[in-house]
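> Just passing along the structure, written as structure tokens.
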Amino acid sequence: MSRPQPGWTVVCQLTDLVPERGAAALVGGEQVALFRVGDREVLAVQQLDPYSGAHVMSRGIVGSRAGAVTVASPMYKQVFDLRTGACLDPVGKEPQHLRTWPVRLEGDAVLVGTAGALVDALVAPLVSSATLNATEAP
């Protein structure tokens with residue numbers, strides 16, 4: 001493999017990742033949870049669970065919901081879209097999203113971009129229960 005371009009970090013080999021399981025990596029000083037989905041796709045989200053404050057997302061349960069690849073937090077079971085980081089099921093709490101990182105493969109090397117994206121810029125804002133209550137008032 002050639003030297004990675006600036007802004008990309010080689011974190012492991014694809015064969016180091018078990019399909020449908022998470023693994024943690026340190027990228028640019030931040031903990032990132034990596035998930036191998038399918039034969040040659042790897043997704044990366046923040047390792048920090050925004051609801052518990054624990055670095056545990058790589059220990060979450062991988063699944064799917066309405067066509068989205070998801071991970072359920074091992075702490076309080078909130079469900080997140082692994083591609084966008086959007087919280088799909090906040091389990092009765094205000095939705096909080098996961099930060100995502102770009103991932104690419106060079107041969108079998110897994111590279112993670114150092115600039116994570118905030119989901120707020122990628123998805124439309126969700127309606128909060130306070131907004132619903134305000135609009136439902138007579």
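> Which of (1) outside any strand (DSSP E or B); (2) crowded, with 20+ Cβ neighbours inside 10 Å; (3) β-branched (Val, Ile, Thr) is the odd one out, the single condition VAL11 does not satisfy?
Looking at each condition in turn, VAL11 falls short on (1).
> May I ask you to list pairs of residues, at least six apart or on different chains, whose Cβ atoms are under 8 Å apart, with the first in region 56-85 being free of Cβ contacts under 8 Å to residues at least 24 places away in the same chain and within 15 Å of PRO19 (Cβ to Cβ) and the second being open to solvent by 30 Å² or more (accessible area, probe 1.4 Å) and in a loop (DSSP other than H, G, I, E, B)?
If the second residue must be open to solvent by 30 Å² or more (accessible area, probe 1.4 Å) and in a loop (DSSP other than H, G, I, E, B), the pairs left are ILE61/PRO74.
> Select from region 19-71 the residues that are part of a strand (DSSP E or B) and hydroxyl-bearing (Ser, Thr, Tyr) and write down the one among them that is farthest from LEU111 (Cα to Cα).
My answer is SER64.
> Out of the residues in region 89-116 that are open to solvent by 50 Å² or more (accessible area, probe 1.4 Å) and touching a Gly at 6+ places or on another chain (Cβ under 9 Å), state the one that is farthest from LEU48 (Cα to Cα).
Checked region 89-116; the qualifying residue farthest from LEU48 (Cα to Cα) is ARG104.
The values are calculated or read from the model by the stated rules, or taken from the named source; none is laboratory data. Keep in mind the model is a prediction, meaning the values are calculated, not measured. Note that each Cβ is placed from the backbone with ideal geometry, even for glycine, and that neighbours are counted across all protein chains shown. These area figures cover heavy atoms from the full protein model, side chains too; ligands, DNA and RNA do not enter into them. Shrake-Rupley method; radii C 1.70, N 1.55, O 1.52, S 1.80 Å.
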